[in-house]
1. Tell me yes or no: at least one residue of the stretch 174-188 is more than 16 Å from the chain's Cα centre (by Cα), more than 20 Å from residue 11 (Cβ to Cβ) and free of Cβ contacts under 8 Å to residues at least 24 places away in the same chain.
2. With 32, 56, 50, 16 as the choices, which residue is in contact with a helix residue (DSSP H, G or I) (Cβ under 7 Å, 6 or more places away or on another chain) and at negative phi?
3. How many residues does the stretch 21-46 hold that are touching a strand residue (DSSP E or B) at 6+ places or on another chain (Cβ under 6 Å), closer than 22 Å to residue 176 by Cβ and without any contact (Cβ under 8 Å) to a residue 40 or more places away in the chain?
4. Among the listed residues 131, 158, which satisfies the condition of being within 17 Å of the chain's Cα centre (by Cα) and either surrounded by fewer than 22 Cβ atoms within 10 Å (Cβ to Cβ) or at pLDDT below 95 (or both)?
5. Which members of the stretch 89-113 meet the condition of being within 23 Å of residue 42 (Cα to Cα) and in contact with a strand residue (DSSP E or B) (Cβ under 9 Å, 6 or more places away or on another chain)?
């Protein structure tokens, strides 16, 4: 089975490919030659995932999926949430995002947070949603060289190291994205089995 992954983000595409472990072939928007950026104008993580998947399906009429992920920090009323990639501005700069988040948490003892991924799969015109969460805490300083985004400051529950220190093998076993992808794969396998 082959699905279009409605994203130009090669980090995410590689991570998802490793999680899928050849169960499903995916092609990113870059691989299919899709040049445009899909504007993420949704007011929720779910809305953005749906919006991206629908843009590709409506244009190409091919089975596809999209995901949107947000970091939700309890002390900041679940911010950055839907604005995770643009937290410090439209330039989408990871360092700026991390620095602003740490600054906004300077006086907070509550550092509880979660990563939440929502996948929208469109199969033969039908839409399905899958969610995955990784619960943890925000560190006070950046640690680790692996991963991307907020990984250097996110410490999953039951670990004392950041996602960037744990490395991709552990991350791909426990992550929010892994949980959402696994639900999608289970659904697709059940569907194939029931046909």
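1. Looking for residues that are more than 16 Å from the chain's Cα centre (by Cα), more than 20 Å from residue 11 (Cβ to Cβ) and free of Cβ contacts under 8 Å to residues at least 24 places away in the same chain, one finds at least one in the stretch 174-188, hence yes.
2. The conditions single out 16.
3. Within the stretch 21-46, residues that are touching a strand residue (DSSP E or B) at 6+ places or on another chain (Cβ under 6 Å), closer than 22 Å to residue 176 by Cβ and without any contact (Cβ under 8 Å) to a residue 40 or more places away in the chain number 2.
4. Result: 131 is the single residue among 131, 158 that is within 17 Å of the chain's Cα centre (by Cα) and either surrounded by fewer than 22 Cβ atoms within 10 Å (Cβ to Cβ) or at pLDDT below 95 (or both).
5. 97, 100, 101, 113
Yes or no, residue by residue, for (1) more than 18 Å from the chain's Cα centre (by Cα); (2) touching a residue at least 12 places away in the same chain (Cβ under 8 Å); (3) in a loop (DSSP other than H, G, I, E, B); (4) under 16 Å from residue 148 (Cα atoms):
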position	(1), (2), (3), (4)
48	no, yes, no, no
51	no, yes, no, no
54	no, yes, no, no
57	yes, yes, no, no
65	no, yes, no, no
71	no, yes, no, yes
89	yes, no, yes, no
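The values are calculated or read from the model by the stated rules, or taken from the named source; none is laboratory data. Quick caveat, the model's predicted, so the values are computed rather than measured. Cβ coordinates were reconstructed from backbone atoms using ideal geometry, including for glycine residues, and neighbour counts include every protein chain displayed.
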